[in-house]
1. Test THR129 against the criterion of being in contact with a Pro (Cβ under 7 Å, 6 or more places away or on another chain), among the polar types (S, T, N, Q), within 20 Å of ALA71 (Cβ to Cβ) and at pLDDT 95 or above, and give yes or no.
2. Among the residues of the stretch 131-144, which ones are outside any strand (DSSP E or B) and either under 32 Å from the mean Cα position of the chain (by Cα) or not charged (D, E, K, R) (or both)?
3. Exactly one condition in (1) buried (at least 18 other Cβ atoms within 10 Å of the Cβ); (2) in contact with a helix residue (DSSP H, G or I) (Cβ under 8 Å, 6 or more places away or on another chain) is false for ILE179; which is it?
4. Of all residues in the stretch 170-180, which are in contact with a strand residue (DSSP E or B) (Cβ under 9 Å, 6 or more places away or on another chain) and either in contact (Cβ under 8 Å) with a residue 40 or more places away in the chain or in a strand (DSSP E or B) (or both)?
5. Do we find that GLU153 is of a type outside the set (Phe, Trp, Tyr), free of Cβ contacts under 8 Å to residues at least 24 places away in the same chain and closer than 25 Å to THR65 by Cβ in this structure?
6. How about the stretch 145-169: which of its residues are touching a Leu at 6+ places or on another chain (Cβ under 9 Å) and either part of a helix (DSSP H, G or I) or within 18 Å of GLU116 (Cβ to Cβ) (or both)?
7. For the stretch 75-105, which positions are without any contact (Cβ under 8 Å) to a residue 40 or more places away in the chain and of a type in the set (Asp, Glu)?
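The values are calculated or read from the model by the stated rules, or taken from the named source; none is laboratory data. Everything numeric in this text was worked out from a predicted model, so none of it was measured. Positions of Cβ are generated from backbone atoms using ideal geometry, with glycine treated the same way; all protein chains shown enter the neighbour counts.
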Amino acid sequence: MCYQNFSHQLVKITVVLLFLVGCSAPAATPIPSTEIPLTPTPVPSTEIPPTPTPVPSTEIPPTPTSPVLIASAEMLIGNWQPLSNSLDAMFLQINSDGTCRLSYELDGLTNTPEVECTYTFDGTDLMITAVKLNGVPECPSPTGKYEVRLLAEDYIELVTVKDNCAPRIRSTRGKYQRIP
């Protein structure tokens, strides 16, 4: 009977041991790591990168071509034909004695011009003053101010600077060619 007691006891002890082993904490099993290995994080620089300094150009920019202005009568003395097709355009005669003539026809410059005038220069402004009118309307002011631009040899342009006489502006301003 001893043997039976012993085997019962052995069974009980075995059951208790198995129970204890089953209830005990499981042995640590390695778990695969999901952590990212630590690598140094670059710290952004607090320095402001230098901006390139523009290098000034060594080229000289082209300047707009300014007209050559005539400031004396020497280049104007003679007869000038208007290049305009306007019916108001007049032939122009500039004389060395400070007189001038305007006519619708070339032969009118020597016969009976529509306008007999005087001229003077004030710097680069040509002042034309009507003295005698033949068949053209009188202007409120006898004097008109024009700029004379040299376009090329034997070509000029009269540009209105100040004139309150519309008929004189229409007959005087414009491009002219010297008549040989």
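1. Working: in contact with a Pro (Cβ under 7 Å, 6 or more places away or on another chain): yes; among the polar types (S, T, N, Q): yes; within 20 Å of ALA71 (Cβ to Cβ): yes; at pLDDT 95 or above: yes.
Yes.
2. Filtering the stretch 131-144 for residues outside any strand (DSSP E or B) gives 134-142.
Of everything in the stretch 131-144, those that are outside any strand (DSSP E or B) and either under 32 Å from the mean Cα position of the chain (by Cα) or not charged (D, E, K, R) (or both) turn out to be ASN134, GLY135, VAL136, PRO137, CYS139, PRO140, SER141, PRO142.
3. Condition not satisfied by ILE179: (1).
4. Quick first cut of the stretch 170-180, residues in contact with a strand residue (DSSP E or B) (Cβ under 9 Å, 6 or more places away or on another chain) only: 171-180.
Within the stretch 170-180, SER171, THR172, GLY174, LYS175, TYR176, GLN177, ARG178, ILE179 meet the criteria.
5. Numbers: of a type outside the set (Phe, Trp, Tyr): yes; free of Cβ contacts under 8 Å to residues at least 24 places away in the same chain: yes; closer than 25 Å to THR65 by Cβ: yes.
Criteria met by GLU153.
6. We begin by selecting, within the stretch 145-169, every residue touching a Leu at 6+ places or on another chain (Cβ under 9 Å); these are 145-150, 155-158, 161, 168.
Correct list: TYR146, LEU158, ARG168.
7. If the condition is that a residue be without any contact (Cβ under 8 Å) to a residue 40 or more places away in the chain and of a type in the set (Asp, Glu), then ASP97, GLU105 are the ones that fit.
Okay, residues lined up against (1) aromatic (Phe, Trp, Tyr); (2) loosely packed, with under 13 Cβ neighbours inside 10 Å:
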residue	(1), (2)
ASN111	no, yes
GLU114	no, no
TYR119	yes, no
GLY123	no, yes
LEU126	no, no
ALA130	no, no
VAL136	no, no
CYS139	no, no
PRO142	no, no
